[in-house]
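Notes for the one structure printed next.
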């Protein structure tokens, strides 16, 4: 009898012998808007990868892309940060810095995470009902904090250049800001842990194309202790911990291990498949973020197939320790998404 999805996933992360590589493709709002019926036809042909998809559920002409994702709209989040996007379905950027002047920190009030999420109201009772229902169905349960929960929120609030100067000068008020953010996120983590979820997801982008945005030394001094405070209760409660980061983050992998990360979500070509195999494989489960900059949007079907094969051969194992994840963004054509689906289906059971 084949393993259930939850058991297979847990075996993947714990590297105790799953029966297939968990694979997921996430279509961005912008790609839905670009491809419309064409992407729906692809998704309908691949129910293994899109098991809950039904054609015709999306009203493209009246779709709400959500706060911070609507072109030409200024949106103020719960922290007082103003977001602006130029493309429907693509997250915008913060255009102000509420704490650019450190003096503002004394009178600044962060949002209450028990009442509001970063971009609107939060219904914790609904979350509890959803988790309880998933448990009844024997499904994997997960919670998490908003993307950009710590390091990114620091530069949303301070401004990027200001924050880099804060690290360089070791401004003591930096610790006050970190403590405020840790306290805020700890309340969110506590809610999910009270529901006894299997997995807690943390996510923010720490890398540029070629290096981490923060030096390993500064990360160890300022960020590792903060991450550890949030992750320690998860470890104590028996929840698995996953961390996402776009960009080059190889310099920070040792720190992630110290923090207690079980699953790391790095980009493949940006960090290097061989480097990930040499330095990360076997230490943490790799939730691999498949290239979205060159091969998937612009490559041939053969190139997409070969990339997935290389990822699986070099980073996978019969013991587990590998997930495949790919986000689809313009200008990726529908035929490339089709090729990606076919390659994932071909190699998801490669070791079994």
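Brief remarks follow.
- Candidates 346, 291: the one that is in contact (Cβ under 8 Å) with a residue 24 or more places away in the chain, touching a helix residue (DSSP H, G or I) at 6+ places or on another chain (Cβ under 6 Å) and closer than 15 Å to residue 24 by Cα is 291.
- Failed criterion for residue 274 (all others in (1) free of Cβ contacts under 8 Å to residues at least 40 places away in the same chain; (2) surrounded by fewer than 20 Cβ atoms within 10 Å (Cβ to Cβ); (3) within 25 Å of residue 17 (Cα to Cα) hold): (1)
- The residues listed here are 229, 237; of these, the one that is surrounded by 17 or more Cβ atoms within 10 Å (Cβ to Cβ), modelled with pLDDT of 95 or more, closer than 16 Å to residue 144 by Cα and out of contact with any strand residue (DSSP E or B) (no Cβ under 7 Å at 6 or more places or on another chain) is 229.
- Residue 254 out of contact with any strand residue (DSSP E or B) (no Cβ under 9 Å at 6 or more places or on another chain), in contact (Cβ under 8 Å) with a residue 40 or more places away in the chain and either part of a helix (DSSP H, G or I) or closer than 24 Å to residue 169 by Cα (or both): no
The values are calculated or read from the model by the stated rules, or taken from the named source; none is laboratory data. These numbers come from a predicted model, not from an experiment. As a convention, Cβ positions derive from the backbone with ideal geometry for all residues, glycine included, and neighbour counts pool all protein chains shown.
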